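Worksheet: one structure, shown below.
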C-alpha cells in the first residue's frame, strides 16, 4: 500500500523550499535592520497557556491539536503551538525581562481545518514589540510589514485598519451585558461579521449613528474625527479608543502609508485591544497584526503593553513562484570519478572547490547535460580532465591549483 | 450494495425493538436476551443489521461501516464535538430514551452556581464519560485552566474532592443525583435518534427502509432514560485529613470477589455493594476513606493522586502504563481473583494461527489492519511493538466480538474460558499476558509515617485474607 502524507499537511520541494527561504531571508533582513532580535519557542506548549488568558475564542481552542503527554496522567494536556504570539509573550515573562524588547521569529503553527484541503500546519514570520504603548510603535510594525512584503516583490499592497477598542465600545453601546458582549466579540473574531448587522436590527436607533462607521470605508483620520464628533455623547468608552486610532492614522498619513479604515474588518483576531491591521494583495490576505496590551498581564506578567504582526508564508510562497524559480542557481562544477580508486582524489577536489566558494558536487552515474564545468578524475597523470559547459574549453592538468585556475576560482 | 444498519443494545433496546416491530421489520432475536449480534430482518432479508453498544454507533455510522443507526443524541454530540467533519446526518428524533446531560457539583463542596465556577482559582477538574462535551463546556465557559478526566463511569463519585465538577447524564428536569450531586446547568437534552452516514445519505438509496419508519411512533416507557437514580440523596460527610488513606474499590462484577476478601479479612462494610448507587460506603477500617469507582479508571486516578490505594486488574494497569510509561503506579499485592487472559483474536477463516503468520498477512495487505479493543493503549503498543504494519485502533465499549470480521480484523480481548470467542466463530492467535486483581499504589509518595503504616497494614490484611484461600 502506498503511504501518503497526513491530511492538511504540505511537503516543500527544493523549489518551494527556495521560495520559503527567500521569504524568510527578506523578512529576517528587514527585522534585523529595524533592530529586532530573533527568538524561537518550543513546538509543544501546555494547553493551559492558551486557555489561561481567556483571549483565544472557543472556536479556535476547539481546533488545537492537543494530547496527553507520555507523563500526562495528571490530565495536563500539551498542544502543538496554535499561535505564535502567546508563546513569545510567555517567553518574555519567563526570561524575567522588564525592559522593552523587539523580537522576531519564523515558526509553524497548527490549527485543525476540517476539510483537509487547507493547510493545518502554517508558517508565519512574526514580530512582537513588547513594552511600548505609543502609536508610533504600531506605525513601525506596519512599516516593517510593508517593507518586507514589498521587498519580497508583492505589488498592490492594501492596508485595512480596524480597532478592537472601538469594536468593544460599540458592542457596549448596544446595551449588551458583559457576557453577551463577550459572545458577540467572539463571533466577530471567529469571522462572523454578520453579528454587527444582526445587532443593529435589534437596536434600530443605533443604526443611524453607527451605519456610517460600519458600512463606510475611510481613507484618513478625518473620517474618524467626523465619527467621533457624532458618537461621543452616545458611547463614552468610545473616546479613548477613537483618540488612539486617530493618532495612529495621522502618523501613518504623515509617513506616507496609505490605508483603508474598515471597522468591520476586525475579524479573525483574538487578543487584540487596540489597533488591528491586515495587509492584502489582490484580495489575498498576506499579513496582519495589532496591539495586545492585556495579554502579558493575563499570562501573569507585569502590566506590559505590546503589539506585533505576522506575515503568512504559505500564501506568499504561491504568489512569488515565478520569481523564486529564477533564484535557484544550478550546480556549476561536476566531479566525475573514473573508478573507486580515484574516490579519495575526487573528494579532495570537491573539498578544495568548496573552500574557494564554488558550488561543486560529485557527478552521479549518467549525469544529465546541465550547465556546469565537468572534471573527470583518473588514477594516473594527468589526473584531471577539465571541460567547460559549452565544451569550448578543455584541458588535462595534474594539480588542483591548475584546476582552480581554469575555473577562475580564487585559491 | 446492501444497506447496513447498526442497532443499540442496552437502555434503548426494548423501545427500539418495539418501534421496528411496529414498522413491520420482523426482526429475529433483537430482544433483551440478545444471543446473536447479527439480526435477521424478515421484511428486508438483504439488509445487514448488527447490534452494538450504543456509544459505538455514532462512530460506526460516521466512518461509513453502517448506513443507518439508532442511538442517543448524547453520544452523537460527543462525537460531533470533536469530529464535526464526519458528523452523521440526524434524520429523525424518535422521541424515546429521553435524558439530559448536566454539569453538576457536590452539595458538599464550595460550588452553588455557575458563577462560582468562573471565580475558582486553580485547575477546574471535570470528570465525565463525555470528555469532548466536557471540554467544549470548559472552552465555552472560558475556564482559564481545566483538566478533563475521561472516566468509564461513576463520574458522580468524583466531586467534590477528586474533581471540581462532573458532567453526567440524568433524567430530564433532574433536581438531584446520587451521592449528593446537584445539577448546575443542563448542557444537552437528548433522546434516541435515527442517523445516517453522510455519504450514504447523499449517494445511496435508503428510501425503502426509511419509508417504513415514517410516521411510526411508540409511547416512550416511563422509566428514566438514565441509570442515575434521582431518589437517593444523602449528604455525604467526607472525613479526611492528611493521614486518611483514600481507597478505591471497584464496582461491577469484581465487587463479589472484593466482598469475599473483605469478609475473610473481617472488615465490615456498610452499603457495599450499594443498591441505591451510593459510592461512598462506610467500613470498620479506621482512617480509611472508601470510594467506589470503575476499575478501568483506577490506575489514572491513583497516578494523579486522587487515591492512595485501589483494587484493579493487572490488565488495566498494563493499559495505563502503555499510555504513560513513567507513571508512578506500582502493584503492591496480587489479590489472585478475577483471573483472565488477554488475547489477540481473529476470525476463524483468517489464514493465520499465530502472530508471525498474521504479520505476514499484514505485510501484503492493501488496507490498514483494524484493531478493535477496550484496551486502546495496550493494543496500540502491541501493534507497534510487533510491527503490524499500517494499523488503526478502534476503541470499543464492549461487545467487541461483534466487530469481526466486517468492522475489525483483530481484537485484543480478555477471556476466561475462550467460550464466547469460539461461539462467535473466532480464534485466539496470541496470549499477551494473564491478569488478576491487584492492590495498586503510587511510587515515591510522600506519606506521613502514620499514613504509610496504615497503607502497609491494609495491604497486609488483604494479602493474608487472600492467602486463606
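Quick check on the protein assembly as shown: of the DSSP beta bridges with both residues there, what percent are antiparallel, nearest 5%? Please report the intermediate quantities before stating the final value.
Numbers: 101 of 144 bridges.
Looking only at bridges with both residues in the protein assembly as shown, the antiparallel portion is about 70 percent.
For the pair segment A:44-67 and segment A:132-175, the centres of their Cα atoms are 25 angstrom apart. Between segment B:410-469 and segment B:321-342, the C-alpha centres lie 6 angstrom from each other.
Sequence-distant contacts, meaning Cα pairs under 8 Å at least 6 residues apart, place the relative contact order of chain B at 15 percent. Bridges between two residues of segment B:340-435, per DSSP, are antiparallel at a rate of about 60%. Partner shielding of B:148-157 amounts to 1, given as the average count of beta-carbon atoms from other chains within 10 Å of each residue beta-carbon. The angle between the Cα long axis of helix A:238-254 and the longest principal axis of the Cα atoms of chain A comes to about 40 degrees, rounded to the nearest 10. Cβ crowding within 10 Å, taken as a proxy for footprinting-reagent exposure, orders A:77, A:150 from fewest neighbours to most as A:150, A:77.
Answer rounded, prolate or oblate for chain A, using the Cα gyration tensor with square roots of eigenvalues a ≥ b ≥ c: rounded when a/c is under 1.5, else prolate when a/b is larger than b/c, else oblate.
Details: a/c = 2.78, a/b = 2.23, b/c = 1.25.
Note, shape of chain A comes out prolate.
In chain A, helical runs assigned H by DSSP with n ≥ 4 each contribute -39500 (n - 2.57); averaged across all residues and rounded to the nearest 500, the mean residue ellipticity at 222 nm is -12000 deg cm²/dmol. Only Cα pairs under 8 Å and at least 6 apart count here; give the relative contact order of chain A as a rounded whole percent. This gives 17 percent for chain A. Reducing segment B:160-221 and segment B:351-372 to their Cα centroids gives an inter-centroid distance of 38 Å.
Quickly rank A:80-87, A:302-309, B:184-191 as a protection proxy: mean count of other C-beta atoms within 10 Å, highest first.
Details: A:80-87: 23.0, A:302-309: 21.1, B:184-191: 17.9.
Highest mean packing first, the order is A:80-87, A:302-309, B:184-191.
For the options A:172, A:240, A:395, a Gaussian network treatment of chain A with springs between C-alpha atoms closer than 10 Å singles out A:395 as fluctuating the most. Using a 10 angstrom cutoff on alpha carbons, build the Gaussian network for chain A and name the most mobile of A:73, A:34, A:123. In this elastic network of chain A, the residue with the biggest mean-square fluctuation among A:73, A:34, A:123 is A:73. Within segment B:6-107, DSSP assigns beta bridges of which about 50% are antiparallel (rounded to the nearest 5). Relative to the longest principal axis of the Cα atoms of chain B, the long axis of helix B:13-22 makes an angle of roughly 20 degrees. Relative to the dominant Cα principal axis of chain B, helix B:255-264 is inclined by about 20°. In the elastic network of chain A, a GNM with C-alpha springs shorter than 10 Å, the most mobile of A:278, A:202, A:16 is A:202.
What is the order of B:294, B:142, fewest Cβ neighbours within 10 Å to most? Spell out each step's value before the answer.
On the way: B:294 21, B:142 18.
Placing the least packed residue first, the sequence is B:142, B:294.
Is segment B:340-435 rounded, prolate or oblate when judged by the Cα gyration tensor, a ≥ b ≥ c being the square roots of its eigenvalues, rounded requiring a/c under 1.5 and prolate requiring a/b larger than b/c? Since a/c stays below 1.5, the shape of segment B:340-435 is classed as rounded. Mean partner shielding of peptide A:61-68, defined as the number of other chain Cβ atoms within 10 Å of each residue Cβ, is 3. Counting, for every residue in A:49-56, the Cβ atoms of other protein chains within 10 Å of its Cβ and taking the mean gives 3.
For chain B, the gyration tensor built on C-alpha atoms gives an oblate shape. Its axis ratio a/c (a ≥ b ≥ c) is at least 1.5, and a/b is not larger than b/c.
FYI, it's all coordinate maths here, none of it is from the lab. On a predicted model such as this, the values are computed, not experimentally measured, just so you know. Glycine gets a Cβ as well: all are built from the backbone with ideal geometry, and neighbour counts include every protein chain shown.
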